[in-house]
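The values are calculated or read from the model by the stated rules, or taken from the named source; none is laboratory data. The structure presented is a predicted model; accordingly, all values stated were derived computationally and were not measured. Don't worry about glycine lacking a Cβ; one is built from the backbone with ideal geometry, like all the others, and counts go over all protein chains shown. Surface accessibility is based on the protein's heavy atoms, side chains included, excluding ligands, DNA and RNA. Shrake-Rupley method; radii C 1.70, N 1.55, O 1.52, S 1.80 Å.
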Amino acid sequence: MNEPAIRTEEQIISLFPDRETLICRGWVLKRMEGQLLVYPLYYKFSEGDIPENIRRCEEISRQCGAGCVFRIVEHTNYHLSSILTDNGYGLEKCGVVGEWNSTTDTGGLCMKEKVQGGLFMKSGNGGTEYVMAGEKVIGIKRQGLLFLPDGNLPDISMEDILRFLMANGIVRILADIPGEEGLPEQYGRLGFRRAYLYRCYQKNQEEKSSGKEE
């Protein structure tokens with residue numbers, strides 16, 4: 001079991017306290033942007049029980065009116081991917097969680113340079129703050145941790161983001177970078193390390209359609 005990755009996933013989940021959260025036999029279910037995201041972090045049941053738990057999650061997703069997506073971290077749940085595939089799921093996306101902390105060598109990043117891009121902080125509920133670029137939320141901050149839900153930010157310089165975050169007391173950054181098994185060059189250059197890979201599985205479209213017809 002990949003304990004460091006599981007602890008990090010727990011921290012990411014905790015950054016969204018305002019989103020509805022359920023627990024289904026050790027799996028954390030979080031309603032996010034029209035989807036029911038299933039984090040199968042823990043389970044203490046046999047392989048034969050896993051299809052039943054998948055069906056429970058699907059039933060909850062139908063009640064919520066949201067699509068059911070399973071997010072599986074590498075080196076965990078070794079049998080779940082194949083069981084999902086046998087139950088009509090396909091790989092929706094994969095990505096890497098990159099991590100940076102204040103002890104990292106940032107490659108000579110100059111803090112004296114002016115931060116560009118109009119970044120600012122906006123307060124939320126429960127001690128959560130948001131890093132904004134205009135009307136767009138690009139990061140979620142709680143205490144000294146910041147999470148970038150979409151690490152692909154082509155309109156904003158990563159150097160500018162990092163300067164802004166360091167100037168606002170951020171000591172650790174997690175970036176969810178979709179579509180890559182390795183870190184993109186700009187992240188590696190700024191001192192990010194690859195924390196772990198994840199894969200998301202969703203019901204194949206033809207399976208969804210046949211389910212509706214029934």
Fill in the blank from the handout: Amide H contacts under 5 Å for Leu36, restricted to residues at least 5 apart in sequence or on another chain and with H modeled in the peptide plane, are Gly67, Cys68, Val69
Problem - Total charge dipole magnitude, the chain, about the Cα centre, Cβ charges on Lys, Arg, Asp, Glu only, Debye to nearest 20 - result: 620 debye
Handout entry: Label point distance in nm, Gln11-Lys136, each placed 7 Å from Cα along Cα→Cβ
Key = 2.5 nm
Exercise for the section: Translational diffusion coefficient, Stokes-Einstein: compute it for the chain using the Kirkwood radius over C-alpha pairs as Rh, at 10 °C and 1.306 mPa s, and state it as an integer in µm² s⁻¹. Expected result: 85 µm²/s
Completion exercise
Ranked output for segments 178-187, 49-58 by mean other Cβ atoms within 10 Å, highest leading, reads 49-58, 178-187
Exercise for the section: Once you've got the GNM for the chain with C-alpha springs shorter than 10 Å, pick whichever of Gly34, Gly191, Gly139 has the biggest mean-square fluctuation. Expected result: Gly34
Problem - Solvent-accessible area per residue for the chain (1.4 angstrom probe, square angstrom) - result: 51 Å²
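Near Gly126, within a Cβ-to-Cβ distance under 13 Å, what is the net charge of the other residues, with Lys and Arg +1 and Asp and Glu -1?
+1
Let me check I have the definition right: for the stretch 55-108, take the eigenvalues of the Cα gyration tensor, multiply each by 5, take square roots. What are those semi-axes in whole Å, largest first? All intermediate terms of the calculation are to be shown ahead of the outcome.
Details: eigenvalues 220, 47, 19 Å².
So the equivalent ellipsoid measures 33, 15, 10 Å along its semi-axes.
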Handout entry: Using θ = phi - 60° and Karplus 6.51 cos²θ - 1.76 cosθ + 1.60, couplings along the stretch 74-87 (whole Hz; Gly, Pro as x)
Key = 4, 6, 9, 6, 4, 9, 5, 4, 5, 5, 4, 4, 5, 9
Problem - Accessible-area composition of the chain, carbon plus sulfur, in percent [1.4 Å probe] - result: 47 percent
Problem - List Met166, Met1, ordered by accessible area with a 1.4 Å probe, largest first - result: Met1, Met166
